[in-house]
1. What number of residues within the range 149-175 satisfy the criterion of being surrounded by fewer than 17 Cβ atoms within 10 Å (Cβ to Cβ) and of a type in the set (S, T, N, Q)?
2. Is there a residue being at positive phi, within 16 Å of the ligand (Cβ to nearest atom) and open to solvent by less than 50 Å² (accessible area, probe 1.4 Å) anywhere in the range 357-372?
3. Being open to solvent by 20 Å² or more (accessible area, probe 1.4 Å), hydrophobic (A, V, I, L, M, F, W, C) and touching a residue at least 60 places away in the same chain (Cβ under 8 Å) is the filter here, so list the residues in the range 331-354 that pass it.
4. Residue under question is Ala281, and the condition is that it be under 30 Å from Gly468 (Cβ atoms) and in a loop (DSSP other than H, G, I, E, B); does it hold?
5. Residue by residue through the range 423-437, note down the ones that are within 8 Å of the ligand (Cβ to nearest atom) and surrounded by 23 or more Cβ atoms within 10 Å (Cβ to Cβ).
6. Being in a helix (DSSP H, G or I), closer than 15 Å to Ile486 by Cα and either open to solvent by less than 10 Å² (accessible area, probe 1.4 Å) or touching a Leu at 6+ places or on another chain (Cβ under 7 Å) (or both) is the filter here, so list the residues in the range 440-470 that pass it.
7. Kindly provide the set of residues from the range 388-410 that are outside any loop (DSSP other than H, G, I, E, B) and either closer than 18 Å to Val458 by Cα or within 13 Å of the ligand (Cβ to nearest atom) (or both), ordered by number.
8. Whether any residue in the range 68-79 is modelled with pLDDT of 95 or more, in contact with a Lys or Arg (Cβ under 8 Å, 6 or more places away or on another chain) and open to solvent by less than 30 Å² (accessible area, probe 1.4 Å) is what I want to check.
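The values are calculated or read from the model by the stated rules, or taken from the named source; none is laboratory data. The structure presented is a predicted model; accordingly, all values stated were derived computationally and were not measured. Using ideal geometry, Cβ is built from the backbone for each residue, glycine included, and neighbour counts are taken over all protein chains shown. The area values use the complete protein model at the heavy-atom level, side chains included, leaving out ligands, DNA and RNA. Shrake-Rupley method; radii C 1.70, N 1.55, O 1.52, S 1.80 Å.
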Amino acid sequence: MVGTEAATTPAIRVAVGSAEYDRAAAVLEAAREAATDVRVVETGPTGAAALAPVVLATADDRTTVHANVSPDRARELVETLDDGELATDDAHAVVESDEGVSMAETGPLAIGQRRALARCGWAAPAALDESLAERTRDEPDDLREAVAGAGLLGRGRGDGHTDESIAEGWATARESDGETVVVVNGNESDPAVDGDRLLLESRPAEVLDGALAVAAAVEATDVVVYLNEDDELAAQRVREAVESVDADGTGIDVVAGPDRYIAGEMTMALEAMEGADRLEARLRPPGPSEVGLYGRPTVVHTPRTLAQIRAFAAAPDEFETSAADPGSRLLTVTGDGVAGPTTVELATDTALAEAVASSEYKMACVGGRFGGITRSLDVPASAPALTGARLGTEGGIELFDGATCALEFAGSRAKFAREKNCGRCVPCREGSKQLVDLLRDVYEGQFQPSELRELSRVVAESSTCEFGQAAPRPVTTAIDTFEREIAAHAEGRCPSGVCTETN
Ligand code: SF4
């Protein structure tokens, strides 16, 4: 039985996410205590942490969005709605809609579009309006052919087909021997990339429905949802959604892996799911589509990819299928001048700059932990454009102000690579140490950009998995963008005034 979204109004919605859990839970409790006739719905987060706790009040085709709500204010909003009124005076936004968190005119909810995010902050996490899985069970060819025809690409570093054709991966799995399994890889521990966690906390029913639809399309027998062991709210809501979705005999397991960056890499995720004590990336080929979880053909998708598939299936006419990367991308904006992590959805032909409210930044790191450094965000959000600009596609934009030193930043990311790699292959394991050493030499008066670039090239081209392939990117792009600033350190001067001898 599919849990459905009740459409009755008036209603008060309280968005509760892990980042603001205690404050939002107090607001929810106050709203429930005050309510007599109005319906009070606990939803997941909206993606805009700066607005939390968020309360939506809906009546007569209008919705008011209230930000930073206290329990006392929540009681007032409920009482006002009980009297048949909407409190518009101090609302963050007033939207002429009762069908989701439509675009506000200003603030974080006004950025980009809300299709994959349409019901984040609006629907109860376990509720589902339309089931793609049910449709796909009746006509599995339809989804396969539509996804192939549209050329949809996977999203996020943990996907089995990151920035590559989803349909080709499905075809490989179907042609491989064994019972196919679908894995939802929701273990993203990078704090700068929050799209998957947002979907798991807000729309777990949609994530599961997407996974069940893929299972039907590739004739898989079961779905395994792989989470970060520290994401307790996501786990709770996914388990509740498991009870509400219509699996129609498809098995669903929920498992957790360690809160480690490498545990989100696709093959190390499989190792963690199989209970390995020591995580090491698997050699490819064969990839998981052929030999994956317990040797079975395995289709691995992130929640972001599944949300994209559902958004496409719901409105294929709205996708520009002639584009190299059709659809949209979820981007989390964090850093200096950002009041709170904000996850927005941009069409892939929209410039990253649209996601950022301020232009007061010195540089941005685009693409998560091993993203690329840039001064300009005038780059479309599509995979080819980001890659062409030597930025990452993982879904994060970190902003840094003038108090950030490009050399110190590059060094910190190189140290992360040195300390957090799995140790399996020499280029990454030893190359990351050498990168740290060469960057440290700059403080000793030796800046060797050619050696740094050549070492980075070797590490990127010969490492076994995406970790090592991406790890040098912050270093090379920092050198290319801030070469003079970095060179100044070799003369004993940090132009940003932040470096000390301990760097
Ligand atoms: S690239 Fe790094 S993380 Fe990947 S297998 Fe090699 S050592 Fe391990």
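1. 1
2. Let us first name the residues in the range 357-372 that are at positive phi, namely 367-368.
Of the ones still in play, those that are also within 16 Å of the ligand (Cβ to nearest atom) are 368.
Filter once more, keeping what is open to solvent by less than 50 Å² (accessible area, probe 1.4 Å): 368.
Checked against the condition, which is being at positive phi, within 16 Å of the ligand (Cβ to nearest atom) and open to solvent by less than 50 Å² (accessible area, probe 1.4 Å), the range 357-372 yields at least one hit.
3. Within the range 331-354, Val338, Ala339, Ala347 meet the criteria.
4. On the way: under 30 Å from Gly468 (Cβ atoms): yes; in a loop (DSSP other than H, G, I, E, B): yes.
Yes, satisfied.
5. Within the range 423-437, Cys428, Ser432 qualify.
6. At the first step, the residues of the range 440-470 found to be in a helix (DSSP H, G or I) are 440-443, 449-462, 466-470.
Within this subset, residues satisfying the condition of being closer than 15 Å to Ile486 by Cα are 440-443, 449-453.
Val442, Glu451, Leu452 - these are the residues of the range 440-470 that are in a helix (DSSP H, G or I), closer than 15 Å to Ile486 by Cα and either open to solvent by less than 10 Å² (accessible area, probe 1.4 Å) or touching a Leu at 6+ places or on another chain (Cβ under 7 Å) (or both).
7. First, pick out the residues of the range 388-410 that are outside any loop (DSSP other than H, G, I, E, B): 388, 396-400, 406-410.
Residue satisfying the conditions is Ala410 alone.
8. Start the filter on the range 68-79 by keeping residues that are modelled with pLDDT of 95 or more, which leaves 68-79.
If we keep only those that are in contact with a Lys or Arg (Cβ under 8 Å, 6 or more places away or on another chain) as well, we get none.
No: zero hits.
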